[in-house]
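**Student:** The structure is given below, and queries will be raised subsequently.
The values are calculated or read from the model by the stated rules, or taken from the named source; none is laboratory data. Just so we're clear, the structure is a prediction, and the values are computed from it rather than from any experiment. Here the Cβ positions follow ideal geometry from the backbone for every residue, glycine too, while neighbour counts run over all protein chains shown.
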Amino acid sequence: MADLEYINEIKVTLLISSLNDMDDVVISKILKTKATKTRKKGALIYPSPCIAKHKYNGWVYQIKKKNIASVEHLLNKLINTFINKRDELNKITANYGAGIEISIVGYLKKGMPSIHFSQESLNFIHSINAEIDIDLYGL
């Protein structure tokens, strides 16, 4: 049986979001981690004839990789970045009235990567009171 070829791009993200004002610089200092991007409530999402604006403020840390067979390695890499920052994440959510989301997005041309959450991953996600969002797009 031939090995399955994977042609995809996977993004794993930790998003801190709030309707309240958030200071991205302060959050980065508290977490000792620089955001890969930020979102400002009311800012354009896609500058185009179809106007879409962010509905909330957000601090985003994202890891992405192409052509992988399993999401678990990327998820573990994201979690390892924040595993010793649980208290800081919980203080940020309390101070800003924010929520946390762990997001997995897959853009799939060929092959479906496996998505597995270990008990350790689920315990971490639970400890920061985060939601999980998974979106897979066939291209």
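**Student:** What's the number of the only condition in (1) assigned to a loop (DSSP other than H, G, I, E, B); (2) surrounded by 11 or more Cβ atoms within 10 Å (Cβ to Cβ); (3) hydrophobic (A, V, I, L, M, F, W, C) that Cys50 fails to meet?
**Tutor:** Result: Cys50 passes all but (2).
**Student:** Among the residues of the range 35-64, write down those that are more than 16 Å from the chain's Cα centre (by Cα) and under 24 Å from Glu88 (Cα atoms).
**Tutor:** Of everything in the range 35-64, those that are more than 16 Å from the chain's Cα centre (by Cα) and under 24 Å from Glu88 (Cα atoms) turn out to be Lys40, Lys41.
**Student:** Could you tell me how many of the residues in the range 10-58 are touching a residue at least 40 places away in the same chain (Cβ under 8 Å) and in contact with a Gly (Cβ under 7 Å, 6 or more places away or on another chain)?
**Tutor:** Final tally of qualifying residues: 6.
**Student:** Just a yes or no: is a residue in the range 42-57 of a type in the set (A, V, I, L, M) and either modelled with pLDDT of 95 or more or at positive phi (or both)?
**Tutor:** no
**Student:** For the range 1-40, which positions are of a type in the set (S, T, N, Q) and more than 23 Å from Leu74 (Cα to Cα)?
**Tutor:** Ser18, Asn20
**Student:** Condition test on Gly97, is it on the phi > 0 side of the Ramachandran plot and modelled with pLDDT under 95?
**Tutor:** no
**Student:** Let me ask you something else. Anything in the range 98-128 that is more than 14 Å from the chain's Cα centre (by Cα) and part of a loop (DSSP other than H, G, I, E, B)? List them, or say none.
**Tutor:** Ala98, Gly111, Met112, Pro113, Ile115, His116, Phe117, Ser118
**Student:** Name the pairs whose Cβ atoms lie under 6 Å apart, with the first residue in the range 63-85 and among the charged types (D, E, K, R) and surrounded by fewer than 16 Cβ atoms within 10 Å (Cβ to Cβ), the second at pLDDT below 95 and not in a helix (DSSP H, G or I), and 6 or more positions between them or separate chains?
**Tutor:** Lys66/Glu9
**Student:** Working only within the range 100-139, note down all residues that are without any contact (Cβ under 8 Å) to a residue 40 or more places away in the chain and at positive phi.
**Tutor:** The answer is Asn129, and nothing else.
**Student:** Additional query: Identify all residues within the range 16-47 that are touching a helix residue (DSSP H, G or I) at 6+ places or on another chain (Cβ under 9 Å), closer than 17 Å to Ser103 by Cβ and assigned to a loop (DSSP other than H, G, I, E, B); write none if there are none.
**Tutor:** The answer is Thr33, Ala35.
**Student:** Give the residues of the range 10-34 that are within 16 Å of the chain's Cα centre (by Cα) and under 14 Å from Thr93 (Cβ atoms), sorted by residue number.
**Tutor:** Leu14, Leu15, Ile16, Ser17, Ser18, Ile27, Leu31
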